[in-house]
Amino acid sequence: MKLKGYALGILSSVSFGLIPIFILPLKKASFSMDITLFYRFLFSALMVGGYLLYSKESFRINKKELLILSVLGVCYALSSEFLFIGYDFLTPGIASTVLFIYPVIVALIMFFVYKEKLTQLSVASLLLAFAGVIVLCLKENGLEINFAGLGIVMLSSLFYALYMVIVNKSNLKVSGFKLSFYSMLFTSAFFMIKAFGEDESFTIPSVSVFLNFIIFAFLTTVISSLCLVYAIKYIGSTPTAILGALEPVVAVMVSVFMFQEKFTTNLLIGIVLILLGVILNVLSDKRKSRRDKHKDLRNA
């Protein structure tokens with residue numbers, strides 16, 4: 001089971017890292033991002049919904065769950081929106097790597113909002129992640145920060161972090177599949193409303209574009225989400241989160257080999273620093289959870 005869990009964790013990360021393969025050609029073709037994301041999440045919701053029907057799980061939710069799941073959908077939608085806008089300003093490799101600092105942002109939110117203590121490991125992880133972002137911004141002639149691109153992708157990371165915090169703190173009593181289904185459904189609704197407001201056409205121009213949407217939804221959303229759920233079940237959240245470090249690595253490799261992004265020394269050092277920062281953050285969180293568990297047992 002452990003081996004299966006690690007394989008699923010790796011597959012989840014790799015599938016999520018394949019996003020540039022589908023997004024960059026559509027951006028070059030000037031295809032509407034709102035329509036692209038609407039169909040990506042709609043088809044993903046339909047596939048996960050099909051699994052819920054197959055497993056005979058109820059779709060019923062109460063008003064509180066409806067509100068929380070709709071907020072989660074908006075957070076996920078804004079995270080996707082800002083990431084794909086960020087591709088216009090930063091290379092896909094750098095954008096995907098900056099996005100991956102979301103676990104560090106989660107730690108900061110928990111510190112400032114929920115007054116959770118930052119351990120020495122947490123502080124070290126924050127410094128490493130920050131150093132990694134700075135190194136990514138270094139060019140031959142010094143520090144050249146594309147503030148617009150960096151800010152936009154940081155917003156993407158922030159909204160993904162908010163998604164994680166809300167899932168963690170809202171005490172939702174729904175399964176991972178139902179949570180994924182409604183999150184994707186509300187995310188697609190967000191882009192549908194946005195596309196309607198901008199009077200965009202929902203017509204899919206060709207069979208090849210339709211197939212692109214289906215494969216895009218299946219590979220980067222459904223496979224990633226389902227493998228993540230089962231990986232956590234088999235090996236736990238900490239090893240799964242560490243395996244998530246493969247996401248930006250895969251995205252960078254895709255960008256280098258398929259879209260001729262330059263693999264510079266700065267890119268390598270930046271990725272390594274951010275990955276080390278995130279892994280330290282995950283280990284710090286694991287250690288804190290273990291301490292809290294021991295404290296609860298002593299007080300019982």
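In this rough spin-label picture, where each label sits 7 Å from Cα along the Cβ direction, the K4-L127 distance is 4.3 nm.
Relative contact order for segment 94-204: what is it in percent, counting Cα pairs under 8 Å that are at least 6 residues apart? Relative contact order here is 35 percent. Note that the chain presents 51 Å² accessible area per residue, ligands and nucleic acids not counted, probe 1.4 Å. Nonpolar atom fraction for the chain, defined as the carbon and sulfur part of the 1.4 Å probe accessible area, stands at 68 percent. Based on DSSP loop calls and a cut-off of at most 10 other Cβ atoms within 10 Å, the longest stretch of the chain free of exposed GluC sites (Glu not before Pro) is what? Between the exposed loop sites, the longest stretch runs 1-139. Note: relative contact order over segment 14-165, using C-alpha pairs below 8 Å and six or more positions apart, is 33 percent. Of K173/K233; K2/K178; K115/K286; K115/K178, which sit over 20 Å apart, Cα to Cα? Checking Cα-Cα distances, K2/K178; K115/K178 exceed 20 Å. Using Cα centres only, tell me the gap between segment 98-112 and segment 1-60 in whole Å. The two parts, judged by their Cα centres, are 23 Å apart. Residues of segment 160-181 with backbone nitrogen within less than 17 Å of a virtual label 7 Å along the Cα-to-Cβ line of L52, please, listed as ranges. Counting backbone N atoms under 17 Å from the label point, the list is 167, 172-181. Highest average first, the peptides 242-248, 123-129 ordered by how many other beta carbon atoms sit within 10 Å of their residues are 242-248, 123-129.
Each of (i) 100, 71, 34; (ii) 62, 58, 38; (iii) 48, 44, 38 is a candidate for Cα extents along the principal axes in Å; the one calculated from this structure is (ii).
Computed per residue of the chain from DSSP H runs no shorter than four, each worth -39500 (n - 2.57), the mean residue ellipticity at 222 nm is -26000 deg cm²/dmol. Here the simple spin-label model places points 7 Å from the Cα toward Cβ, and for E116 and F259 these points are separated by 3.2 nm.
The values are calculated or read from the model by the stated rules, or taken from the named source; none is laboratory data. This is a predicted model, so every value here is computed, not measured. Because the Cβ atoms are built from the backbone with ideal geometry, glycine has one as well, and the counts that use them run over all protein chains shown. What goes into the accessible areas is simple: the full protein's heavy atoms, side chains included, and nothing from ligands, DNA or RNA. Shrake-Rupley method; radii C 1.70, N 1.55, O 1.52, S 1.80 Å.
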